[in-house]
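Report on the following structure.
The values are calculated or read from the model by the stated rules, or taken from the named source; none is laboratory data. Predicted model only: the values in this text are computed from it and were never measured. Positions of Cβ are generated from backbone atoms using ideal geometry, with glycine treated the same way; all protein chains shown enter the neighbour counts.
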Amino acid sequence: MDFRNYLRMTVAALHQEFLRSAGVFIDSRQAIAGGLFFAINGDRFDGNDFAMRALGQGAYKAVVDRPEFKETHGCMYVPNTITALQRLAHYHRMQFDIPVLALTGSNGKTTTKELVSSVLSQKFRTLSTRGNFNNHLGVPLTLLRLTNQTELAIVEMGANHVGEIKWLCNLANPNHGLITNIGDAHLEGFGSREKIRQGKTELFRYLEAHRGQIFINEEEPSLKSEINRYNGAVGYGLDSLPGQIERIEFAEGSKLQTVQLFSTGSCTIRSNLYGAYNRMNILTAIALGTYFGLSSEQIQTGVESFVPEDNRSQMIRLDEETTLYMDAYNANPTSMEKAIAFFCDFERGDGIAILGDMKELGAGEIEEHGRIINLLKNQPQITRVFLVGPLFQQAFRQKQAGDPGKFELFANVDRAIDRWLNSPPSFNAVILKGSRSIQLEKLAAVIKENFQSSESGVDR
């Protein structure tokens with residue numbers, strides 16, 4: 001039997017089983033009682049090995065693709081569980097006639113998505129991607145959380161190759177969409193900056209072809225060339241917002257971003273986000289709020305109620321004079337440069353920068369790491385630099401890019417933790433920035449615990 005025809009004939013029946021369940025899960029360690037377990041064959045595990053465990057934990061049924069389970073009670077056999085999950089998600093999404101906003105970009109996707117969700121939730125029953133579940137599995141899992149109560153959905157889409165955003169659009173069928181920016185993330189997969197642009201703008205081309213609504217941030221330099229390419233696109237900026245708000249103005253000289261809305265119902269928004277690079281994220285949330293008819297007060301509540309977490313743009317006060325900035329969920333040259341610039345603008349001495357390797361940069365990875373090291377050489381506000389990871393080590397040694405007295409190199413975060421515990425440096429502020437795989441959050445936890453122990457008089 002043809003594989004595609006098989007799924008076409010059975011997806012409606014699979015959807016009926018899904019509707020009888022309590023939801024979908026793909027990790028038996030996070031079983032949902034009464035849920036539908038999809039046995040995904042991944043890089044490290046074959047979910048079929050855990051199908052019986054899921055059933056034993058109260059799963060409604062298990063969707064498997066191992067032929068030996070064809071006749072097993074509680075199991076539903078399909079030729080490929082990943083494809084079945086994706087087809088089921090698309091079928092389910094097509095049952096809803098609601099705004100579905102797709103969001104992608106090189107930097108700030110998740111923060112922007114959380115901000116937009118926080119704002120739009122003030123008016124709509126809103127569903128959004130959890131965390132950064134934005135790939136070929138995460139997007140289907142998001143769509144399968146749609147219910148009859150959902151009034152608006154926000155779907156984050158990630159990609160590291162040309163064609164992925166187009167594929168995810170065909171899966172999710174968005175009717176609204178935006179790109180946060182186009183930068184240097186995932187250069188290794190895309191191959192070039194032009195390929196990154198081609199890949200990200202697949203969202204715009206999909207929306208134009210399907211008469212969807214495109215939003216373009218006119219303040220974002222990397223998007224300026226896209227503004228006049230798409231008929232009916234809604235542009236927005238500091239003084240050109242859809243809806244009733246005439247313009248917005250960000251306050252200068254404040255660590256946490258504060259913005260004034262100017263309209264009939266003017267107000268001041270005090271966000272919980274630091275750094276000028278978060279202004280574009282806030283601007284986008286305000287613009288989407290005005291487009292969808294929210295009042296200034298609703299937008300204010302939405303922005304102010306968003307508190308960053310999960311190691312993104314977190315400002316942690318260790319005491320009245322000492323601050324830890326945590327932004328170590330992801331990193332690329334663009335985001336790292338902006339984080340360093342913010343730190344140097346607001347911290348004036350005894351500052352420590354702890355930087356982890358930037359991943360997926362391709363052939364130019366050593367050069368990009370060396371460029372960051374050179375940037376740090378002439379920053380007097382940063383008195384000490386911890387470089388964590390083999391790429392920074394190689395860049396430092398190849399280029400001889402800095403003063404060894406200012407820089408310390410560590411093969412991994414555990415080595416950096418040992419150094420900190422054995423000889424904690426003094427500092428007024430510290431910033432941690434790196435790719436998620438470097439696990440700088442482990443060092444952040446040590447810094448906080450060590451600082452608190454010192455403050456309470458415990459011998460370090």
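Of all residues being over 18 Å from the mean Cα position of the chain (by Cα) and surrounded by 16 or more Cβ atoms within 10 Å (Cβ to Cβ) in segment 310-336, which is nearest to PRO390 (Cα to Cα)? Just the residue, please.
It comes out as LEU324.
Given the criterion under 30 Å from ILE269 (Cβ atoms) and outside the structural domain of PRO425 (by TED's automatic domain parsing), identify the matching residue among GLU297, GLU337.
Of the residues listed, the single one that is under 30 Å from ILE269 (Cβ atoms) and outside the structural domain of PRO425 (by TED's automatic domain parsing) is GLU297.
Does GLY191 qualify as being under 30 Å from ILE372 (Cβ atoms), at pLDDT below 95 and either out of contact with any His (no Cβ under 8 Å at 6 or more places or on another chain) or not assigned by TED's automatic domain parsing to the domain that holds THR112 (or both)?
Against the criterion (under 30 Å from ILE372 (Cβ atoms), at pLDDT below 95 and either out of contact with any His (no Cβ under 8 Å at 6 or more places or on another chain) or not assigned by TED's automatic domain parsing to the domain that holds THR112 (or both)), GLY191 qualifies.
Among the residues of segment 66-75, is there at least one that is buried (at least 21 other Cβ atoms within 10 Å of the Cβ) and out of contact with any helix residue (DSSP H, G or I) (no Cβ under 6 Å at 6 or more places or on another chain)?
no
Residues of segment 427-452 being hydrophobic (A, V, I, L, M, F, W, C) and without any contact (Cβ under 8 Å) to a residue 12 or more places away in the chain, which ones?
Residue satisfying the conditions is ALA445 alone.
Hey, any hits in segment 68-78 for a residue that's under 30 Å from GLU220 (Cα atoms) and of a type in the set (A, V, I, L, M)?
Within segment 68-78, none of the residues are under 30 Å from GLU220 (Cα atoms) and of a type in the set (A, V, I, L, M).
Those residues that are charged (D, E, K, R) and touching a residue at least 40 places away in the same chain (Cβ under 8 Å), I need them from segment 315-344; list them, please.
Result: ASP319, GLU321, ASP327, LYS338.
Report the residue count in segment 245-293 for those that are buried (at least 16 other Cβ atoms within 10 Å of the Cβ) and assigned to a loop (DSSP other than H, G, I, E, B).
4
Quick grid of which residues meet (1) under 21 Å from ILE216 (Cβ atoms); (2) surrounded by fewer than 19 Cβ atoms within 10 Å (Cβ to Cβ); (3) at pLDDT below 95:
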site	(1), (2), (3)
ALA102	yes, no, no
SER106	yes, no, yes
THR110	yes, no, yes
GLY131	no, yes, yes
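Of everything in segment 263-322, what is within 18 Å of LEU103 (Cβ to Cβ), hydroxyl-bearing (Ser, Thr, Tyr) and in contact with a strand residue (DSSP E or B) (Cβ under 7 Å, 6 or more places away or on another chain)? Give them in sequence order.
Once the filter is applied, which keeps residues that are within 18 Å of LEU103 (Cβ to Cβ), hydroxyl-bearing (Ser, Thr, Tyr) and in contact with a strand residue (DSSP E or B) (Cβ under 7 Å, 6 or more places away or on another chain), segment 263-322 yields THR284, TYR291, SER313.
Restricting to segment 54-99, count the residues that are over 25 Å from the mean Cα position of the chain (by Cα), within 14 Å of ILE40 (Cα to Cα) and of a type in the set (Ser, Thr, Tyr).
The number of residues fulfilling the criteria is 2.
At least 1 residues that are in contact with a Cys (Cβ under 6 Å, 6 or more places away or on another chain) and not assigned by TED's automatic domain parsing to the domain that holds LEU146 in each: list the strands (runs of 3 or more DSSP E) lying fully within segment 1-99 that qualify.
Here the list reads 61-64.
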